[in-house]
There are 2 protein chains.
Amino acid sequence: MTKPFSFHLIATDGAARAGEVETAHGRIATPAFMPVGTQATVKAVTVDDVARTGADILLANTYHLMLRPGPERVAALGGLHRFMNWPKPILTDSGGFQVMSLSQLRKIDEHAVTFRSHLDGNMYELSPERAVEIQRLLGSDIAMQLDECLRLPATRDEIERAMQLSLRWAERSKRAFEGAKPGYALFGIVQGGDDPALRVESARALVGMDFQGYAIGGLAVGEPQAVMLAMIETVAPELPADRPRYLMGVGTPDDILKSVARGIDMFDCVMPTRAGRHGLAFTRFGKINLKNARHAEDHRPLDETSDCPATRDYSRAYLHHLVKSNELLGAMLLTWNNLAYYQNLMQDIRTSIEAGRFSERAGEIQEAWVKGDIPAL
Amino acid sequence: MTKPFSFHLIATDGAARAGEVETAHGRIATPAFMPVGTQATVKAVTVDDVARTGADILLANTYHLMLRPGPERVAALGGLHRFMNWPKPILTDSGGFQVMSLSQLRKIDEHAVTFRSHLDGNMYELSPERAVEIQRLLGSDIAMQLDECLRLPATRDEIERAMQLSLRWAERSKRAFEGAKPGYALFGIVQGGDDPALRVESARALVGMDFQGYAIGGLAVGEPQAVMLAMIETVAPELPADRPRYLMGVGTPDDILKSVARGIDMFDCVMPTRAGRHGLAFTRFGKINLKNARHAEDHRPLDETSDCPATRDYSRAYLHHLVKSNELLGAMLLTWNNLAYYQNLMQDIRTSIEAGRFSERAGEIQEAWVKGDIPAL
């Protein structure tokens, strides 16, 4: 019999938390970074190699999968885990964010959002109930409520209206999720833009509904980092300590360190994978642009101390050559390196929280980025 | 101390031969298929995964590498094996074929071929001596003489002129190769188009120069398979039994079976890698086009009996989804599958030659292709 979905704290260090989420498909050590597998694939890397980087959980996008291949088809094929050959936990978003950023002719009313597919022009309707149904068909370990996510800046009235609609949709999502099998969870999403009072109101209302976890949405959409951090500081104290907290769509390694310091447990972002397809490598020494001609004769790997083959076994000169030659292997190796870097960073964070030296370790990590790369010999 | 380059036969079965080539970077079991790593990468697959398919040797293209990153730079970086992180044998072509097919404003005279780079418009000269020098800078275990490769059909006069020029270039290439370290070899290339008398003349002259191996060039350039096989039948008996025979740029699995039956030991072709990037899978059941909608709900992997993860661990429905979605992982998995299929085929060929049942086994393999894929349940 599957264990129920659960979260427990292993250690805290200031506001930073190390913990463990238990799901139908296994455990997630937190703070956790979730690589993004938009169309049921983490771009340019196999699931076996994603697993080798240490990732416990992937994120997949409901919007893309509802359009192609379709949730009913994925269910008939045994669910998303089997479809993409990833036996570990999967979180799906609700589709709302991407309906609003990718689709055309969308119309939002109390009932649902209606939109035209960017693929074939067909009309689709996404209601809170359908978003939950899709995520159950996919078999997501962690599903997200449908919400309305505005771009900042927006007026206070717009932000409040969207936040209140998202709360009503949260209730409907929760009702639709009733009867889910043990080990599966639905998270509510705190909205409220950059307005602290609205954020608090949203958080308290959601906590009153008793979700299994809480996300902070509507950030990392263009606002300054200081605004994002202020909103986390406003919201985190409102959330129960015994539930995981997920900051959606974040972020840079620096965003992650600063958000963990403020009590966040889970992250997702396309940054490591997208950057990998554009010639950028994340390393202990900061970000390295492999397009730069200074790498053309550099024997050194990105980081000889890494246990990731992509990071350790190929020279910067070779990576430069691949990127300049538009070879797929360049995207593959840099994506793999970047995912390994992010997972090593999360492991480093967890270890230092457990050791009670998170803030010291975060300082060391940031110092190494600032110091930058060692010049070639 | 490195052993000298050598070839010995393990078994023969009719004209088919199983053998072993010894090079500076290790052994090659023959008949061998060499995956093509044009720009110092086998497109869309890591060298570790290429090695896992069972490939003993890769081919890299001198033309591409002389233009970018340049042979002197590769040499400064420790040679091509180290550059691309492939410790096993490498064969390079001479660059001649691609100068003639890819570059503009080429001019051939007795001394060399002069051409304009397709990358940056700079002028380059490739002489037999420079082709050998480049391949030594790259560190190729097996280098090829510079030759002039015509497209068929061509007049007998054109074919004869190019063949005679290639013979004079063979002599110059051989002189230029003198003093190479033990374990490294230079192969001569038999030319002569589709003219048996010219082919025999070319083969005899090259054998008189005593090369360490012999290639058959100028085939698989658009002529019918029957012409190609007739030329192999003409040339193979002229070649010494104790030297490896390499059929350049070939081919389909069927071409390989029929060429092995006529005494060929080595092959290279972009087919498995290129087809993998275009949604085509080679399998025991023949070629499968994953773009086809009939795969959209097919649970089955390409071949559940395979030991290649790409072949065994992903459903056809998922591969179809990846191909339709233009996801890089589709190209990655199908390339990997195709290389594994080719290497499994070569292993099957070698085993059956050693068991004295090659012709029977070749018949079974061809029958399975013709029978085709098992319909979905």
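Can you pull the accessible area of A:Arg82 for me, 1.4 Å probe, Å² to the nearest 10?
A:Arg82 exposes around 150 Å² with every protein chain in place.
Take every residue in peptide A:323-333, count the Cβ atoms of other chains within 10 Å of its Cβ, and give the average of those counts. Please list the in-between numbers first.
On the way: counts 0, 4, 8, 1, 8, 10, 12, 1, 2, 7, 3.
Partner Cβ neighbours, averaged per residue: 5.
Report, in deg cm²/dmol and to the nearest 500, the calculated mean residue ellipticity at 222 nm for chain B, where each DSSP H run with n ≥ 4 adds -39500 (n - 2.57) and the sum is divided by the residue count.
Only helices count here, giving -12500 deg cm²/dmol.
Taking square-rooted eigenvalues a ≥ b ≥ c of the alpha carbon gyration tensor, is the range B:1-56 rounded, prolate or oblate, where a/c under 1.5 means rounded and, failing that, a/b exceeding b/c means prolate?
Working: a/c = 2.71, a/b = 1.52, b/c = 1.78.
Taking the square roots of the gyration eigenvalues as a ≥ b ≥ c, the range B:1-56 is oblate.
At q = 0.13, 0.14, 0.16 Å⁻¹, what is the log10 ratio I(q)/I(0) for the range B:52-185, with the Debye formula run over Cα points and no solvent?
The Cα Debye sum returns log10 ratios of -0.56, -0.64, -0.83.
How many Å³ per residue does the convex hull of the Cα positions in the range A:302-366 occupy?
Values: hull volume 5.3 nm³, N = 65.
Here the figure is 82 Å³ per residue.
Which percent of the accessible area of chain B is formed by carbon and sulfur heavy atoms (probe 1.4 angstrom)?
Numbers: 7160 of 14170 Å².
That fraction is 51 percent.
Kindly rank A:65-74, B:85-94 from highest to lowest mean number of other beta carbons found within 10 Å of each residue. Let's see the in-between values first.
Values: A:65-74: 20.0, B:85-94: 23.8.
Output ranking for A:65-74, B:85-94: B:85-94, A:65-74.
May I ask you to derive the FRET efficiency for B:Arg151 and B:Glu72 from their Cβ-Cβ distance with R0 = 41 Å, giving the value to the nearest 0.05? Can you show the working numbers first?
Numbers: r = 32 Å, r/R0 = 0.77.
Given R0 = 41 Å and the Cβ-Cβ separation, E is 0.85.
Given charges of +1 on the Cβ of Lys and Arg and -1 on the Cβ of Asp and Glu, with all other atoms neutral, how large is the dipole of chain B about its Cα centre, in debye to the nearest 20? Don't jump to the answer; show the numbers that get you there.
Values: 42 positive and 47 negative charges, 140 e Å.
With Lys and Arg at +1 and Asp and Glu at -1, about 680 debye.
Looking at the range B:113-181, which GluC sites (Glu not before Pro) are DSSP coil and have at most 12 other C-beta atoms within 10 Å of their C-beta? Walk me through the intermediate numbers first.
Details: sites: B:Glu125, B:Glu129, B:Glu133, B:Glu148, B:Glu158, B:Glu160, B:Glu171, B:Glu178; in loops: B:Glu148, B:Glu178.
In loop regions of the range B:113-181 (DSSP not H, G, I, E or B), the sparsely surrounded GluC sites (Glu not before Pro) are B:Glu178.
Once both labels are modelled 7 Å past Cα along the beta-carbon direction, what's the B:Arg27-B:Val200 spacing in nm?
3.8 nm
Set Lys and Arg Cβ to +1 and Asp and Glu Cβ to -1, take the dipole of the range A:125-277 about its Cα centre, and tell me which of A:Val260, A:Leu138, A:Pro153 lies farthest positive.
A:Leu138
Taking chain B as a Gaussian network, Cα atoms linked when under 10 Å apart, which of B:Glu354, B:Glu304, B:Glu233 shows the biggest mean-square fluctuation?
With Cα springs under 10 Å in chain B, the top fluctuation among B:Glu354, B:Glu304, B:Glu233 is at B:Glu304.
When N is the residue count of chain B, what does its C-alpha Rg come to as a fraction of 2.2 N^0.38 Å? List each step's numbers first, then the result.
Numbers: Rg = 20.5 Å, N = 377, 2.2 N^0.38 = 21.0 Å.
Compactness ratio reported: 0.98.
If you find the alpha carbon centre of the range A:46-91 and of the range B:164-228, how far apart are they in angstrom?
Each part's Cα centre sits 52 Å from the other's.
On a 1.4 Å probe surface of the protein chains, which of B:Met123, A:Met266, A:Met209 comes out largest in accessible area, and what is the full order? Don't skip to the answer; put the middle values down first.
Values: B:Met123 100, A:Met266 0, A:Met209 35 Å².
Putting B:Met123, A:Met266, A:Met209 in descending order of accessible area: B:Met123, A:Met209, A:Met266.
As a test of the definition: with a 1.4 Å probe, what buried accessible area, both sides summed, do you compute for B against A, in Å² to the nearest 100?
Result for this pair: about 3400 Å² buried.
Just to check, using Stokes-Einstein with a Kirkwood Rh over alpha carbon pairs, what's the diffusion coefficient of the protein assembly as shown at 20 °C and 1.002 mPa s in µm²/s?
75 µm²/s
What FRET efficiency, computed as 1/(1 + (r/R0)^6) with R0 = 45 Å and r the Cβ-Cβ distance, is obtained for B:Arg300 and A:Ala230, rounded to the nearest 0.05?
Given R0 = 45 Å and the Cβ-Cβ separation, E is 0.25.
Extending each Cα 7 Å along its Cβ direction at A:Lys371 and B:Asp307, get the distance between those two points in nm, one decimal.
Here the answer is 4.5 nm between the modelled labels.
For B:Ile374, place a label point 7 Å out from Cα along the Cα→Cβ vector, do the same in each other copy, and report the separations in nm, one decimal, smallest first.
Listed shortest first, these distances are 5.5 nm.
With every protein chain left in place, what is the accessible area of A:Thr234 in Å² (1.4 Å probe, nearest 10)?
Approximately 30 Å² of A:Thr234 is accessible to the 1.4 Å probe.
Evaluate peptide A:36-43: per residue, the Cβ atoms of other protein chains within 10 Å of its Cβ; return the mean as an integer.
Working: counts 0, 2, 2, 7, 6, 10, 3, 3.
The shielding value for this peptide is 4.
Relative to the compact-globule scaling 2.2 N^0.38 Å, provide the ratio for the alpha-carbon radius of gyration of the range A:236-341.
Details: Rg = 16.2 Å, N = 106, 2.2 N^0.38 = 12.9 Å.
For the range A:236-341, the normalised Cα radius of gyration is 1.25.
Per residue, what accessible area does the range B:74-232 have, given a 1.4 Å probe and all protein chains present, in Å²?
Details: 6190 Å² over 159 residues.
Using a 1.4 Å probe on heavy atoms only, each residue of the range B:74-232 averages 39 Å².
On the full set of protein chains, 1.4 Å probe, figure out the accessible area of B:Asp120 and give it in Å² to the nearest 10.
The value for B:Asp120 is about 90 Å².
Let me confirm one metric for peptide B:75-84, namely the mean number of other chain beta-carbon atoms within 10 Å of its residues' beta-carbons. It would help to have the intermediate numbers written out before the result.
Values: counts 0, 3, 8, 3, 0, 0, 0, 3, 6, 6.
The per-residue average across the peptide is 3.
The values are calculated or read from the model by the stated rules, or taken from the named source; none is laboratory data. Treat the numbers as computed from the prediction; the structure is a model and nothing was measured. Glycine also receives a Cβ, built like all others from the backbone with ideal geometry; neighbour counts cover every protein chain displayed. Accessible surface areas use protein heavy atoms only, side chains included; no ligands, DNA or RNA. Shrake-Rupley method; radii C 1.70, N 1.55, O 1.52, S 1.80 Å.
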